[in-house]
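Just below is one structure, and these are the notes that go with it.
The values are calculated or read from the model by the stated rules, or taken from the named source; none is laboratory data. Model, not experiment: these values are computed from the prediction. Note that we place each Cβ from the backbone using ideal geometry, even for glycine, and neighbour counts take in every protein chain shown. Each accessible area value is taken on the protein alone, full model and side chains, heavy atoms only, with ligands, DNA and RNA left out. Shrake-Rupley method; radii C 1.70, N 1.55, O 1.52, S 1.80 Å.
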Number of protein chains: 2
Amino acid sequence: MANIKEIAKLAGVSVSTVSRVINEYPYVSPEKREAVKRAMEAANYERNINAVHLSRGKTNLIGVVVPSIRRPYYGMLVDGIADEAMKDNYKLVFIQTDYEVERELDALMMLKLKQIDGLIIGSRACEWEVVEEYAKYGPITVLEDGRGRNVSSIYFDHYGSFTRALTYLWDRGHQKIGYCLARKSSPNSLKRTAAYRDFLAARHQDYQPDYAFYDCALLEDGEWIMERILCMEDPPTALLVTSDQVAAGILAYCTEHGVQVPDELAIVGFDNQPIAKMLNMTTFEIPLEEIGRQLFCQIHEKNPAHMEIPLHLIERSTV
Amino acid sequence: MANIKEIAKLAGVSVSTVSRVINEYPYVSPEKREAVKRAMEAANYERNINAVHLSRGKTNLIGVVVPSIRRPYYGMLVDGIADEAMKDNYKLVFIQTDYEVERELDALMMLKLKQIDGLIIGSRACEWEVVEEYAKYGPITVLEDGRGRNVSSIYFDHYGSFTRALTYLWDRGHQKIGYCLARKSSPNSLKRTAAYRDFLAARHQDYQPDYAFYDCALLEDGEWIMERILCMEDPPTALLVTSDQVAAGILAYCTEHGVQVPDELAIVGFDNQPIAKMLNMTTFEIPLEEIGRQLFCQIHEKNPAHMEIPLHLIERSTV
């Protein structure tokens, strides 16, 4: 049986035009449509999409696990993944987990059942051992340090970047530094907390449990963080905030309530989202779109690959 | 052959525990796993996921067409869709179109090829006639006035809400009102432009082409809009901005450059996104999460259904 390239040659049109005619897309000129149909008849061409899929064993669907697409952090990541997927003619199946293990298992099960060709995990909820067990069914890549695991990974140096940010604030006279994290015991948060404790210990400072804020993820979280800080007898003079959204919420609260930034409170964000640029906020740049692209590319690697993405401090006006 | 309910009864466990054992999920106690396996053996149960899918003719995947997930407007919409989908054990396949017709056709083709069970179009790029042609292959629902079409729809009264916003500004002394739209000739923009022109005509005012700003979608667009306004000899005293993101960008520019809001420039946004609450911005509320939920529910309607969502003006401090 003739293939699509031969039909294109026979009809004197491009391969993509043949594809459009076969798929019954509109927006093909009647002349070209006719030429393709004649060529198909001449070559006795018949198409069965399911047979094509079965023979290739491919769905052209890639699963993407994120806690919530709505958060700008994951939105930017997904944008990069989607951009690269489109170039390769893949579509994305989203599984929002809100960090629930069962939902992540659903996604892993889709891989096992060949409903998707590969899986990208933007933020892991299952144990490593569980994820690794599914790697035999198809490629998995995780946004987290996965060196030594049988899946691919892209990761940042959370310990190092947190230490750099603390040093940056310390060198500018801040000895009372608070920090805002998302999930308290996520792999990333644990590394950042370790960096914080080690930093204090090296400078013979006591750990202040009050200076740690958890479950900070949204713009709206800026409000309760600031309300709590303004009630403290000995508040921090600087905040390390692991999301630009939260940092923007804090900054907006400060502007509205007359708290001078950076004089009364210095702020360092993370991500370098558009809102950080707009508010002229000092932040660590995490190139999320580029990371999304790389995550998609890792799906096609033959063997597990690991890539560290360096973070850059962007100095603006909030420190 | 026994079904899953009979197995559960036989094993003395819940249906969901049987499902977990069948799907080889971890996190099931060894005792329960053993009980289920014994019951399955006793009942001679055997499972074939592909046979199940084939017999039901269902994939439990719903396609979602949006120009870009990254924009908070679509992020909020998708959040509502995903929320409802999860309850019904559906997953979502995203097709980002960036308004390109061919990508929307890809999504429609997935419906035809039974790769998805239904399709939600968040913003339409193809002609109505093209979309309607695919309705015979499965349920389609569109976020746009689709009354009289053979697909379901959820829509707002764009003409009416724009007129209300213009009247609100006019009544507060604004006769020079500018407006910022996304795509110049999208169905929604055309209705809003008609409302604007009719509003001026009824008040014997001339149409000022300078006061119309197109392709405004992102926070960053606030900058060029304000730069253009500040160069005008006779600038507008109020702006109607069809996205809170753009309105927030405009507001941030004003704050940074000492333009007094609302005295020198009044601003009305659309959506009531978290950023609008944070910046205390007057805006039209579009309940996007609820709309997302309704769009998903419409997929299960037997016949095309249409629902108008009312918009409410939330008065805050920018007018």
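Rounded to the nearest 500 deg cm²/dmol, what is the calculated helix-only ellipticity per residue at 222 nm for the protein assembly as shown, with -39500 (n - 2.57) per DSSP H run of length n ≥ 4? Roughly -13500 deg cm²/dmol at 222 nm, from the helical runs in the protein assembly as shown.
Rounded, prolate or oblate: which one fits the protein assembly as shown, using the alpha carbon gyration tensor with axes a ≥ b ≥ c (rounded when a/c is under 1.5, else prolate when a/b beats b/c, else oblate)? It comes out oblate by the Cα gyration axes.
Using the alpha-carbon atoms, what tilt in degrees (0 to 90, nearest 10) does helix A:187-202 show relative to the longest principal axis of chain A? Once rounded, one gets 30 degrees. Per-residue packing, averaged as other Cβ atoms within 10 Å, sorts the ranges A:306-318, A:184-196, B:70-82 into the order B:70-82, A:184-196, A:306-318, beginning with the highest. Taking packing as the residue-averaged number of other Cβ atoms within 10 angstrom, the listed peptides B:212-222, B:127-137, A:269-279 run from highest to lowest as A:269-279, B:212-222, B:127-137.
Across chain A, the relative contact order, built from alpha-carbon pairs under 8 Å that are at least six residues apart, equals 17 percent. Provide the FRET efficiency to the nearest 0.05 for the B:Asn89-B:Ala194 pair, computing r from the beta carbons and using R0 = 41 Å. Between B:Asn89 and B:Ala194 the formula returns 0.45.
Under the criterion of Cα pairs below 8 Å and six or more residues apart, the relative contact order for the range B:164-286 equals 25 percent.
For the pair B:Asn23 and B:Asn303, a Förster radius of 35 Å applied to the C-beta separation gives a FRET efficiency near 0.50, rounded to the nearest 0.05. Distances between copies at A:Glu264, taken between label points 7 Å from Cα along the C-beta direction, are 2.5 nm in increasing order. Peptide B:91-98 has a mean shielding of 6, counted as Cβ atoms of other protein chains within 10 Å of each residue's Cβ. Between A:Ile267 and A:Leu239, A:Val319, the built amide H atoms are under 5 Å apart, and every one of these is 5 or more places off in sequence or on another chain. Of the peptides A:241-249, A:143-151, the order by per-residue mean of other Cβ atoms within 10 Å, starting with the highest, comes out as A:241-249, A:143-151. Measure out, as a whole number of angstrom, how far apart the alpha-carbon centroids of the range A:268-282 and the range A:98-170 sit. Cα centres, the range A:268-282 to the range A:98-170: 26 Å. At a Cβ-Cβ separation cutoff of 4.7 angstrom, cysteine residues of chain A with no neighbouring cysteine are A:Cys126, A:Cys231, A:Cys254, A:Cys297. Step through the table entries A:Lys277/B:Lys277; B:Lys58/B:Lys91; B:Lys136/B:Lys302; A:Lys91/B:Lys114; B:Lys32/B:Lys91; A:Lys184/B:Lys91, compare each Cα-Cα distance with 22 Å, and write down the pairs that go over it. From A:Lys277/B:Lys277; B:Lys58/B:Lys91; B:Lys136/B:Lys302; A:Lys91/B:Lys114; B:Lys32/B:Lys91; A:Lys184/B:Lys91, over 22 Å: B:Lys32/B:Lys91; A:Lys184/B:Lys91.
Angle of helix A:72-87 to the longest C-alpha principal axis of chain A, folded into 0 to 90 degrees and rounded to 10: 20°. Computed extension length for B:Lys136-B:Ala201: 19.1 nm, one decimal, from 0.36 nm per residue of separation with the Cα-Cα distance subtracted.
To the nearest ten degrees, helix A:101-112 and the longest principal axis of the Cα atoms of chain A are 30 degrees apart.
Each Lys or Arg adds one and each Asp or Glu subtracts one; over the other residues with Cβ under 12 Å from the Cβ of B:Gly80, this totals -2. As a length-normalised measure over Cα pairs under 8 Å and 6 or more apart, the relative contact order of the range B:225-319 settles at 27 percent.
Within the protein assembly as shown, DSSP assigns beta bridges of which about 15% are antiparallel (rounded to the nearest 5).
Take B:Glu24, move 7 Å from Cα toward the beta carbon, and the resulting point lies 3.8 nm from the same point in each other copy, nearest first. Chain A contacts chain B over a buried accessible area of about 4300 Å², both sides summed; the probe is 1.4 Å and only protein chains count.
What's the center-to-center distance, using Cα atoms, between the range A:184-252 and the range B:176-213 in Å? Comparing the Cα centres of the range A:184-252 and the range B:176-213, I get a distance of 46 Å. What does the charge count around A:Pro30 come to, taking other residues whose C-beta lies under 15 Å from its C-beta (Lys +1, Arg +1, Asp -1, Glu -1)? Around A:Pro30, the charge tally is +2. When the alpha carbon coordinates of the range A:63-124 are projected onto the principal axes, the ranges are 29, 27, 13 Å, largest first. Using a 7 Å projection from Cα along Cα-to-Cβ, the label point at B:Glu41 is separated from the same position in the remaining copies by 6.3 nm, smallest value first. Quantify, in whole percent, the carbon and sulfur part of the accessible surface of the range B:4-47 (1.4 Å probe; protein heavy atoms only). For the range B:4-47, the apolar C and S fraction of the accessible surface comes to 49 percent. Per residue of B:72-85, other chain Cβ atoms within 10 Å of the residue Cβ number 3 on average. The per residue volume of the convex hull around the alpha-carbon atoms of the range A:157-305 is 120 Å³.
Label separation (B:Met232 vs A:Asp215): 4.6 nm, computed from points 7 Å beyond Cα along the C-beta direction.
The Cβ shell under 15 Å around B:Ser186 holds other residues with a net charge of -1, Lys and Arg each +1, Asp and Glu each -1.
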